[in-house]
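Notes to accompany the following structure.
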Amino acid sequence: MNSGNWNTILVPYDSSQMANKALIRASEIAKTFNSRLIVLTVVDISFPYPELFAIDNPEKNYFETMRDLAMERIDQVMKKMDIEYEKVVVRGKPSQAIVEVADQVNADLIVIARKGESGFVRTLLGSVSQSVIVHAKCECLVIPPENEPRSY
């Protein structure tokens, strides 16, 4: 694949401030290159006690509740953008699901936020963005946290 030939852009979205920045950057790139933009939310299946999140909607299961919430949040952020987009919500382990969806949609670019965890937390829990970079078959653009102190 030629660098810059981004027909399909995938942006993982978890409603965080950093994910908002990645979504805005991905939208800008998609506008510039007239790319297909896919916004992906992964409902983490390893979350303990998922039924606690369905308290407001007891008739829905955890996945349905989280999917609906994700769809609303994506629409809230994207209404400011003047671009068409697709929403995909899947369940799974975030780093693995992002790579799998990127393969399924033939993504040319993944725009992903980095949360800026400390070295200890990153070592203990792992980094979604780092895992995606290692395993993705397409190019990745990582949006770093602002004002993050550099440690070498």
> From the set of residues in segment 11-57 that are of a type outside the set (Gly, Ala, Ser), closer than 14 Å to Ser129 by Cβ and in a loop (DSSP other than H, G, I, E, B), which is modelled with the lowest pLDDT?
Replying inline: Asp14
> Which residues, counting only those in segment 85-95, are outside any strand (DSSP E or B) and either of a type in the set (Lys, Arg) or within 14 Å of Leu23 (Cβ to Cβ) (or both)?
Replying inline: Tyr85, Lys93
> Looking at Ile98, Ile110, which is the one that is in a strand (DSSP E or B) and modelled with pLDDT of 85 or more?
Replying inline: Ile110
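The values are calculated or read from the model by the stated rules, or taken from the named source; none is laboratory data. Since this is a predicted model, take the numbers as computed values, not measurements. Note: ideal-geometry Cβ built from the backbone for every residue, glycine included; neighbour counts use all protein chains shown.
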